[in-house]
Amino acid sequence: MEVDDHMRTGVPNIYASGDVVDKRIPKLTPTAEFESNYIAGQLLGKSDAPIVYPATPNLVLTLPRIAQVGITIDEAKKIRSPKELLKFRSARLTNGLKTVNFLTPDSEFS
């Protein structure tokens, strides 16, 4: 669906966001959330500026792993004492309106 730089379609008072939008921006959940929040701001009169997308992190999970960021656990253990390393786990909170993904300390490596 084609939209202008304010996420408006060709039909008056109809906006679009997410996967249906015909833009070259990646079709990712953070993009759809950003667009939806932008549209809400437009409807509430908080802004009349055109949409400007922030950098959006994205990744593709593959088997076998073809890339990584940072160092491996074994490499980290060579640099630091295992007692100084923290393991993090992914967590998600949802209140029915918004979902927040974050990392939280899990336990020390042994």
Inset, instruction - Evaluate the stretch 15-25: report whether one residue or more is out of contact with any Asp or Glu (no Cβ under 9 Å at 6 or more places or on another chain) and of a type in the set (Asp, Glu). - result: yes
Inset, instruction - Search the stretch 14-37 for residues that are among the basic types (Lys, Arg) and pair each with any residue that is surrounded by fewer than 12 Cβ atoms within 10 Å (Cβ to Cβ) when their beta-carbon atoms are under 7 Å apart and the residues are at least 6 apart or on different chains. - result: Lys27/Asp19
Inset, instruction - Test Gly45 against the stated conditions and say whether it is loosely packed, with under 10 Cβ neighbours inside 10 Å, part of a loop (DSSP other than H, G, I, E, B) and at pLDDT below 80. - result: no
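The values are calculated or read from the model by the stated rules, or taken from the named source; none is laboratory data. Please read all numbers here as calculations on a predicted model, not as lab measurements. Because the Cβ atoms are built from the backbone with ideal geometry, glycine has one as well, and the counts that use them run over all protein chains shown.
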